[in-house]
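Note sheet for the following structure.
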Amino acid sequence: MDNNQDNSEKLINPIFSNIGYIQVYTGNGKGKTTASLGLSMRALGRGWKVMLIMFGKGGDDYGELYSFRELSSNIKNNLDIYQFGLDRITWANNLEEKDLKEASKGWDFAKNAINSQNYQLIILDEINIMIDLKLIDIKEVTSVLDSKPQNVEIVLTGRNAHPEVIKRAHLVSEIQPVKHYWDIGLNARKGIEY
């Protein structure tokens with residue numbers, strides 16, 4: 001039996017199916033949040049309990065939020081979404097004291113959700129940026145990752161993933177732009193970027 005067969009058997013082996021891993025979607029390319037949202041839809045389709053925590057993204061004008069509100073009730077009942085951010089996207093050039101408060105509040109909420117074991121998948125959207133901006137302490141994050149319940153899958157998205165997060169992850173996808181229409185001056189578009 002070759003190594004590929006060994007790996008595929010592990011993937012369908014029930015011994016491995018109840019283990020939650022750590023995934024990271026990072027890089028300067030478009031698609032990190034989009035990938036995590038696709039994963040959430042897959043998990044919901046399998047009856048998983050999913051929590052999406054959006055860091056640094058306040059307000060209501062996100063296409064995914066409109067879509068999630070329209071899900072069937074039996075799927076929607078397995079999805080909880082929480083936002084911790086002002087009514088804008090947080091960047092290094094627009095930081096305020098309120099951003100620190102929102103990030104801290106969100107992180108406290110996330111820690112409780114992870115430890116509650118009420119969810120099989122928890123997506124920490126844009127947490128990598130919050131760590132990079134020093135709004136959330138990397139030591140606290142690594143402590144939670146190191147002691148997370150075995151059955152909870154955690155996804156961390158955002159640019160500039162910290163090396164200590166990458167070290168603990170079981171899957172890391174670095175999304176890099178080859179070409180982007182922002183280079184020709186095209187702004188973010190409803191339905192595509194948000």
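If you go through the range 39-63 and keep only what is without any contact (Cβ under 8 Å) to a residue 40 or more places away in the chain, surrounded by fewer than 18 Cβ atoms within 10 Å (Cβ to Cβ) and either in contact with a Leu (Cβ under 7 Å, 6 or more places away or on another chain) or part of a helix (DSSP H, G or I) (or both), you end up with 41, 42, 45. For residue 15, the conditions (1) under 22 Å from residue 120 (Cβ atoms); (2) at pLDDT below 90; (3) surrounded by 14 or more Cβ atoms within 10 Å (Cβ to Cβ) all hold with the exception of (3). Summed over the range 135-159, the residues that are in contact with a helix residue (DSSP H, G or I) (Cβ under 9 Å, 6 or more places away or on another chain), farther than 20 Å from residue 102 by Cα and in contact (Cβ under 8 Å) with a residue 40 or more places away in the chain give a count of 6.
Only one entry in 192, 184, 136 is crowded, with 16+ Cβ neighbours inside 10 Å and within 28 Å of residue 88 (Cβ to Cβ), namely 136. Restricting attention to the range 49-94, which residues are basic (Lys, Arg) and within 17 Å of the chain's Cα centre (by Cα)? Selection gives 49, 57.
Can you confirm whether the range 106-121 contains a residue that is touching a residue at least 60 places away in the same chain (Cβ under 8 Å), of a type outside the set (Lys, Arg) and touching a Pro at 6+ places or on another chain (Cβ under 6 Å)? No, the range 106-121 has no match at all. Contact map, the range 161-175: residues that are farther than 12 Å from residue 132 by Cβ and touching a residue at least 60 places away in the same chain (Cβ under 8 Å) paired with residues that are of a type in the set (Phe, Trp, Tyr) and surrounded by 18 or more Cβ atoms within 10 Å (Cβ to Cβ), Cβ distance under 7 Å, separation 6+ or inter-chain. Pairs shown: 173/25; 175/25.
Please determine, by comparing only the residues of the range 97-127 that are over 27 Å from residue 18 (Cβ atoms) and either buried (at least 18 other Cβ atoms within 10 Å of the Cβ) or among the aliphatic types (A, V, I, L, M) (or both), which one is nearest to the chain's Cα centre (by Cα). Filtering first and then ranking leaves 126.
The values are calculated or read from the model by the stated rules, or taken from the named source; none is laboratory data. Just so we're clear, the structure is a prediction, and the values are computed from it rather than from any experiment. As a convention, Cβ positions derive from the backbone with ideal geometry for all residues, glycine included, and neighbour counts pool all protein chains shown.
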